[in-house]
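Report on the structure given below.
The values are calculated or read from the model by the stated rules, or taken from the named source; none is laboratory data. As the structure is a computational prediction, the values presented were derived from the model and not from experiment. In this analysis, Cβ positions are derived from the backbone assuming ideal geometry, glycine residues included, and neighbour counts consider all displayed protein chains.
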Amino acid sequence: MVNFLRIIMVICSVLSVSKANATEPHQMEWYDKSFVPFQSSQIDARFPYMMYVPPSYDVTKDKEYPLVVLMHGTERAPHIYLENNAKFADKNDIILLAPLFPLNTHGNRDLENYKLIDYKGTRYDLILLSMVDEVRSKYRIKGDKFNLFGFSGGGHFAHRFFYLHPHRLNALSIGAPGMVTFIDETSDWWVGTRDLHRKFNARLNFKKMSEVKVQMVIGEQDIEGWEDEIEEWSPYKMGENVKGATYNSAGKNRQKRMKNLKKNFEEHGVKVTMEIVPDAGHDEVYMFPSMQKFFLKHIK
């Protein structure tokens, strides 16, 4: 009798495991779709990210989704980017990823940290790539390339990321960066790219860069400039080898800097679509419709 009960228990256990294994690939928690809560990067828990996944996402189907990464500005409000682009994602079956690169990760008020890509040994470009890989391991992402939008401080990050990883980008939208880095072999980073290999162990790949669809977008009224020199403690402060490296060294305001960056790109074989949004100032919300239209054209 005891042996019989043991046999029954073993059979039930096997059936239970088999049933669990059969259903596990198709299970998804309620918070894995729509506005996905902040979660920490698995490579560095200091850096969380949010997502928006269309509620129609079905784990039982084979449909693949393009990925759009939305890089916040200095104010660090990724939720604003998700909230304003959720309908766009729903309508076009797109997954959104919005990283958060917070202040004080290095024990001080490192306001500019991620904009320079490398800050005190933290490589923000590699942190983002690890987030993208985490998302790709869980969701059906179309291909190994993604689409990147960054505004203001995020625009700083986006065009510098482009120099290092063009092979990972399908399309790039650069929104009104305060300071720009030119493709320039006569000046060091951040002003130019002369020491790119020494600093990042990477070289400019103009062939791959020319394959990325690039947009630059800015508000018509985004014309404010800063006349002051960069503070001594700022990570943007350059050495004596770079003269005139201020917020305005590439142009007196964001409008001029964007036009000069566009010219610089095109001189090196990178085609650029430029859009100036009428009646808009320095506000990312007014850039979103242009970004959406641009990405959708090239995602399709």
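So the values come out like this:
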{"read-out": "Scan of the stretch 260-285 for residues that are closer than 18 Å to A158 by Cα and in contact with a Gly (Cβ under 7 Å, 6 or more places away or on another chain), ordered by number", "value": "N260, H282, D283, E284"}
{"read-out": "Pick from the stretch 124-143, criterion within 13 Å of the chain's Cα centre (by Cα) and charged (D, E, K, R), ranking: surrounded by the most Cβ atoms within 10 Å (Cβ to Cβ)", "value": "D125"}
{"read-out": "Checking F206 against (1) of a type in the set (A, V, I, L, M, F, W, C); (2) surrounded by 20 or more Cβ atoms within 10 Å (Cβ to Cβ); (3) touching a residue at least 60 places away in the same chain (Cβ under 8 Å), the condition it does not meet", "value": "(2)"}
{"read-out": "Close pairs (8 angstrom Cβ cut-off, 6 or more residues apart or separate chains): in contact (Cβ under 8 Å) with a residue 12 or more places away in the chain and assigned to a helix (DSSP H, G or I) in the stretch 273-298, surrounded by fewer than 20 Cβ atoms within 10 Å (Cβ to Cβ) and among the aliphatic types (A, V, I, L, M) anywhere", "value": "E284/I80; V285/I80; Y286/A280"}
{"read-out": "Hey, L100 aliphatic (A, V, I, L, M), crowded, with 23+ Cβ neighbours inside 10 Å and in contact (Cβ under 8 Å) with a residue 40 or more places away in the chain or not", "value": "no"}
{"read-out": "Hits in the stretch 104-123 (condition: surrounded by fewer than 17 Cβ atoms within 10 Å (Cβ to Cβ) and assigned to a strand (DSSP E or B))", "value": "R123"}
{"read-out": "Matching entry among H156, H167 (being surrounded by fewer than 21 Cβ atoms within 10 Å (Cβ to Cβ), modelled with pLDDT of 95 or more and not acidic (D, E))", "value": "H167"}
{"read-out": "Subset of the stretch 180-197 [of a type outside the set (A, V, I, L, M, F, W, C) and within 22 Å of G225 (Cα to Cα)]", "value": "T181, G192"}
{"read-out": "Residue match in the stretch 90-103 (condition: of a type in the set (S, T, N, Q), in contact with a Leu (Cβ under 8 Å, 6 or more places away or on another chain) and farther than 22 Å from D195 by Cα)", "value": "yes"}
{"read-out": "Residues that are under 17 Å from F146 (Cβ atoms) and touching a residue at least 60 places away in the same chain (Cβ under 8 Å), drawn from the stretch 64-91", "value": "E64, Y65, P66, L67, V68, V69, L70, M71, H72, Y81, N85, F88"}
{"read-out": "Residue within the stretch 257-272 that is within 21 Å of the chain's Cα centre (by Cα), without any contact (Cβ under 8 Å) to a residue 60 or more places away in the chain and in a helix (DSSP H, G or I) present", "value": "yes"}
